[in-house]
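The values are calculated or read from the model by the stated rules, or taken from the named source; none is laboratory data. Fair warning: this is a prediction, and the values are worked out from it, not measured in the lab. Cβ coordinates were reconstructed from backbone atoms using ideal geometry, including for glycine residues, and neighbour counts include every protein chain displayed.
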Amino acid sequence: MRLGGIFDVANRLHRIEDNETRASNPEFWNDSAQAEGILKELKQDKKAVETYELLNTRVEDIEVLYEFSKAGEASEEEVDLAFDTLIVAIEELEFKNTLDQEEDVLSCLLEINAGAGGTEACDWAEMLYRMYLLHGEKAGYKVSEVARTQGDVAGVKSVTLEIVGEYAYGMLKSENGIHRLVRISPFNAQGKRMTSFASVFVHPVIDDSIEIEVNPSDLDWDTFRASGAGGQHVNKTESAVRVRHLPTGVVVECQQERSQHLNREKAIKMLKSRLYERELERQRAEKSKVEAGKMKNEWGSQIRSYVLDDRRVKDHRTNHENRNTDAVLNGDIQGFIKAFLMWDGK
């Protein structure tokens, strides 16, 4: 079993040597943005080589175990178990190798908007918010709320999460699209079965290795009082900000920080991420590819349905299904993510 090709080990080892030499140069940090990019690439290459060496050792161990079994010193069951475990690890690696786009390694902003349906839809948006919050925590990401607009009665009309960690965007881009909920509504006195919709948009958060120019004269700023949690301060001062990029019409808002100045800095970063995503979409459209794996943003084109009374969550793109609806809503969406990336990479 040969694993070197999957990892491109020879080229990675060459890059590691080259980047370590560059990092040892006394003038290395003269260009901090370039230096951080080199160190990020160095870290990724070292991690890939370490994973290769670990899997290669397991292959060698299985070969030895197989020889033991032929000599009667190990059972066939032990060999089969070790082999099956190795196959799972290799399949997981092949799955991660689908994240081969430049932007996949970045952190992301995940925006949830309630659709038609009033309070029921706002409650559904809040349920999705909780699902992604729990998933992010389980996946080891740092998750924080950037902006929120409360529902009139319950839930949220919109909410934006910043999810920080390697490959957060690559993993969560599968969530772009319309999510449909079917359940016996707790807000309906007759206990009727209701259908609600919410849209999810995932944008890569650009880092210093990607330059996006924004002309200050193209920006229209507004301030307002934050509507989310945060104590008395956010309710008494206009610390939240909203900025519109006039050439494109892109609007972002931020109320994460207690300071208007810090919120302005965060908003600019969010705006640049949105503009970067627009450019990626333009490039994909030119190449006649599916736009970032998204379906058209229409209520009739939902990517996933959550049917609670039938105990079923189904992704309509991949046909992947999970009958444990509680687990899914508690953040267990890795199966859907993996199925999408394998489907999208075909």
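Hey, among the residues in the range 153-203 that are among the charged types (D, E, K, R) and in contact with a Ser or Thr (Cβ under 7 Å, 6 or more places away or on another chain), which one's farthest from K269 (Cα to Cα)? Step through it out loud before you land on a result.
Kept after step one, since they are among the charged types (D, E, K, R), are these residues of the range 153-203: 157, 162, 166, 173, 175, 180, 183, 192-193.
Those left that are additionally in contact with a Ser or Thr (Cβ under 7 Å, 6 or more places away or on another chain): 157, 162, 180, 192.
Numbers: K157: 23, E162: 11, R180: 31, K192: 44 Å.
Taking the candidates together, the pick is K192.
Report whether or not V146 is in contact (Cβ under 8 Å) with a residue 40 or more places away in the chain, part of a loop (DSSP other than H, G, I, E, B) and surrounded by 13 or more Cβ atoms within 10 Å (Cβ to Cβ). It would help to see each step written out before you state the result.
Numbers: in contact (Cβ under 8 Å) with a residue 40 or more places away in the chain: yes; part of a loop (DSSP other than H, G, I, E, B): no; surrounded by 13 or more Cβ atoms within 10 Å (Cβ to Cβ): yes.
So V146 does not fit the description; no.
All but one of (1) closer than 24 Å to F340 by Cα; (2) not hydrophobic (A, V, I, L, M, F, W, C); (3) not in a helix (DSSP H, G or I) hold for G117; which doesn't?
(1) is the only condition that G117 fails.
Mind counting the residues in the range 85-111 that are among the hydroxyl-bearing types (S, T, Y) and part of a helix (DSSP H, G or I)? It would help to see each step written out before you state the result.
As a first pass, look at the range 85-111 and keep what is among the hydroxyl-bearing types (S, T, Y): 85, 98, 107.
Restricting the remaining residues to those that are part of a helix (DSSP H, G or I) gives 85.
Within the range 85-111, residues that are among the hydroxyl-bearing types (S, T, Y) and part of a helix (DSSP H, G or I) number 1.
What about K70, is it at pLDDT 85 or above, within 18 Å of N11 (Cβ to Cβ) and either outside the structural domain of V146 (by TED's automatic domain parsing) or not polar (S, T, N, Q) (or both)? So that I can check it myself, show each step before the final result.
Values: at pLDDT 85 or above: yes; within 18 Å of N11 (Cβ to Cβ): no; either outside the structural domain of V146 (by TED's automatic domain parsing) or not polar (S, T, N, Q) (or both): yes.
No: the conditions fail for K70.
Listed here are the residues, each with its yes/no results for (1) among the acidic types (D, E); (2) at pLDDT 85 or above; (3) surrounded by fewer than 16 Cβ atoms within 10 Å (Cβ to Cβ).
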{"site": "V252", "(1), (2), (3)": "no, yes, no"}
{"site": "E257", "(1), (2), (3)": "yes, no, no"}
{"site": "L262", "(1), (2), (3)": "no, yes, yes"}
{"site": "L271", "(1), (2), (3)": "no, yes, no"}
{"site": "E281", "(1), (2), (3)": "yes, no, yes"}
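Only residues that are modelled with pLDDT under 85 and either of a type in the set (G, A, S) or touching a strand residue (DSSP E or B) at 6+ places or on another chain (Cβ under 7 Å) (or both): list them for the range 11-40, please.
Here is the first cut: in the range 11-40, the residues modelled with pLDDT under 85 are 32-34, 36-37, 40.
Correct list: S32, A33, G37.
Being surrounded by fewer than 17 Cβ atoms within 10 Å (Cβ to Cβ) and modelled with pLDDT of 85 or more is the filter here; which residues of the range 187-197 pass it?
Once the filter is applied, which keeps residues that are surrounded by fewer than 17 Cβ atoms within 10 Å (Cβ to Cβ) and modelled with pLDDT of 85 or more, the range 187-197 yields only R193.
Checking L133 against (1) surrounded by 17 or more Cβ atoms within 10 Å (Cβ to Cβ); (2) assigned to a loop (DSSP other than H, G, I, E, B): exactly one of these is not met. Which one?
In the conditions (1) surrounded by 17 or more Cβ atoms within 10 Å (Cβ to Cβ); (2) assigned to a loop (DSSP other than H, G, I, E, B), L133 misses (2) alone.
Any residue in the range 19-32 that is touching a residue at least 24 places away in the same chain (Cβ under 8 Å) and surrounded by 14 or more Cβ atoms within 10 Å (Cβ to Cβ)? Even if it seems obvious, please write down each step before you answer.
Initially, the range 19-32 is screened for residues touching a residue at least 24 places away in the same chain (Cβ under 8 Å), giving 19, 32.
Cutting the leftovers down to surrounded by 14 or more Cβ atoms within 10 Å (Cβ to Cβ) gives us 19.
Yes; the residues of the range 19-32 include at least one that is touching a residue at least 24 places away in the same chain (Cβ under 8 Å) and surrounded by 14 or more Cβ atoms within 10 Å (Cβ to Cβ).
Can you find a residue in the range 115-125 that is in contact with a His (Cβ under 9 Å, 6 or more places away or on another chain) and closer than 30 Å to L39 by Cβ?
No, the conditions are met nowhere in the range 115-125.
With assigned by TED's automatic domain parsing to the domain that holds G331, surrounded by fewer than 19 Cβ atoms within 10 Å (Cβ to Cβ), under 29 Å from D8 (Cβ atoms) and of a type in the set (D, E, K, R) as the only criterion, which of E102, E166 stands out?
Details: E102 fails: assigned by TED's automatic domain parsing to the domain that holds G331.
Being assigned by TED's automatic domain parsing to the domain that holds G331, surrounded by fewer than 19 Cβ atoms within 10 Å (Cβ to Cβ), under 29 Å from D8 (Cβ atoms) and of a type in the set (D, E, K, R) holds for just one of E102, E166, which is E166.
Which of the residues spanning the range 43-58 are surrounded by 15 or more Cβ atoms within 10 Å (Cβ to Cβ) and either over 29 Å from the mean Cα position of the chain (by Cα) or over 30 Å from I87 (Cβ atoms) (or both)?
Scanning the range 43-58 gives N56, R58.
Spot the failing condition for L181; the list is (1) assigned to a strand (DSSP E or B); (2) surrounded by fewer than 24 Cβ atoms within 10 Å (Cβ to Cβ), and only one is missed.
(2)
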